[in-house]
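Trainee: Attaching a single structure in structure tokens format; questions to follow.
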Amino acid sequence: MAKRKIIKIDEKKCTGCGLCIPNCPEGALQIIDGKARLISDLFCDGLGACIGHCPQGAITIEEREAERYEERKVMENVVKQGKNVIKAHLVHLREHGQMEYLKEAIAYLKEKNIEIPLREELEMEEHMHGCPGARMMDFREKRQEVNASSDKRASELRQWPIQLHLVSAQASYYEKADVLLAADCVAYTYGDFHKDFLKGKSLAIACPKLDKGQEVYVEKIKSLIDDARINTLTVMIMQVPCCYGLVTLAKQAAEKAKRKIPIKSIVVSLQGEILSEEWL
């Protein structure tokens, strides 16, 4: 037993609708006696993929003593549910940067001679062999050392990854942090982006015009507010009309979130000037 993050179900709020069950790639949830139940601690990875799918808000994340999550036990359970569930579970692990668990899962499938869709396997092999795009890295302590010892202006980036599709709201550097959500072009346009706006904040970037799957962005920002319990959210965009979509996504997430936090909008001109700063 160890203290770790794991889901908690409020039985008074739960109606037994079952919407959370297909959104748990580990098969940790079942409807028993008309209520959603966590059937075993060792099946729950604590990443909270089921949370946003409960219409009653009955599922939250807590930190408590629990059995250690065991990927091979989870795979035994997942394999019984078929190819689509296997794929969903592997994608879930990849998107949350759980590379060690992903290695265990694929090793299990290979040992059991269970087919993995070729395209998915190739993508996952790329991530497992060191692609930094999916590996979570915390630079906070190292950044303090660099800033203290160097005469050059250092990067203020505190973590990797930063693209909103790749970040995990469960990462430690988001917990109770001030978060900067910036449109992709902002850092290239505003000269002192690191010094004036990124310093002391955890970062996520996105393009509201070109990025696909933006409904995921709403859920991810909501998770940052409710699960990571961030302190503030600053949305920094360009003055072009399509960029305002990022503010809209943040507002939608804030409306769905249980917690209320201060949200600031900053607009940058095409010449790199601050046009406006306002609390929403």
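Trainee: Can we say Val74 is surrounded by fewer than 20 Cβ atoms within 10 Å (Cβ to Cβ), touching a residue at least 40 places away in the same chain (Cβ under 8 Å) and either among the hydrophobic types (A, V, I, L, M, F, W, C) or in a loop (DSSP other than H, G, I, E, B) (or both)?
Mentor: No; evaluated as a whole, the condition is false for this residue.
Trainee: Something else about it: When you look at Glu219, is it acidic (Asp, Glu), under 19 Å from Arg94 (Cα atoms) and within 13 Å of the chain's Cα centre (by Cα), yes or no?
Mentor: Considered against the rule, which asks whether it is acidic (Asp, Glu), under 19 Å from Arg94 (Cα atoms) and within 13 Å of the chain's Cα centre (by Cα), Glu219 comes out as yes.
Trainee: Cβ-Cβ below 8 Å, separation at least six or inter-chain, first residue in the range 209-234 and at positive phi, second at pLDDT 90 or above: which pairs?
Mentor: Arg229/Glu175; Arg229/Lys176; Arg229/Arg259
Trainee: Another question, if that's okay. Examine the range 68-77 for a residue that is under 22 Å from the mean Cα position of the chain (by Cα), modelled with pLDDT under 85, under 29 Å from Leu109 (Cα atoms) and not charged (D, E, K, R), and state whether such a residue exists.
Mentor: Checking the range 68-77: at least one residue is under 22 Å from the mean Cα position of the chain (by Cα), modelled with pLDDT under 85, under 29 Å from Leu109 (Cα atoms) and not charged (D, E, K, R).
Trainee: Right, something else. Take the range 168-205 and flag every residue that is of a type in the set (Ser, Thr, Tyr) and modelled with pLDDT under 95.
Mentor: Across the range 168-205, the qualifying residues are Ser168, Ser172, Tyr173, Tyr174.
Trainee: Further, regarding this structure: Inside the range 25-64, can you point out the residues that are of a type in the set (Val, Ile, Thr) and in contact with a His (Cβ under 9 Å, 6 or more places away or on another chain)?
Mentor: Residue satisfying the conditions is Ile59 alone.
Trainee: Now for a different question. If I filter the range 4-24 down to residues being in contact with an Asp or Glu (Cβ under 9 Å, 6 or more places away or on another chain) and of a type outside the set (Lys, Arg), which single residue comes out as modelled with the highest pLDDT?
Mentor: Gly16
Trainee: Part of a loop (DSSP other than H, G, I, E, B), under 26 Å from Leu166 (Cα atoms), modelled with pLDDT under 90 and under 17 Å from the mean Cα position of the chain (by Cα), is that true of Ala49?
Mentor: Answer is yes for this residue.
Trainee: So, in the range 201-246, exactly how many residues are more than 20 Å from Pro161 (Cα to Cα) and either touching a helix residue (DSSP H, G or I) at 6+ places or on another chain (Cβ under 6 Å) or not in a loop (DSSP other than H, G, I, E, B) (or both)?
Mentor: 8
The values are calculated or read from the model by the stated rules, or taken from the named source; none is laboratory data. This one's a predicted model, so the numbers in the text were calculated from it and none came from an experiment. As a convention, Cβ positions derive from the backbone with ideal geometry for all residues, glycine included, and neighbour counts pool all protein chains shown.
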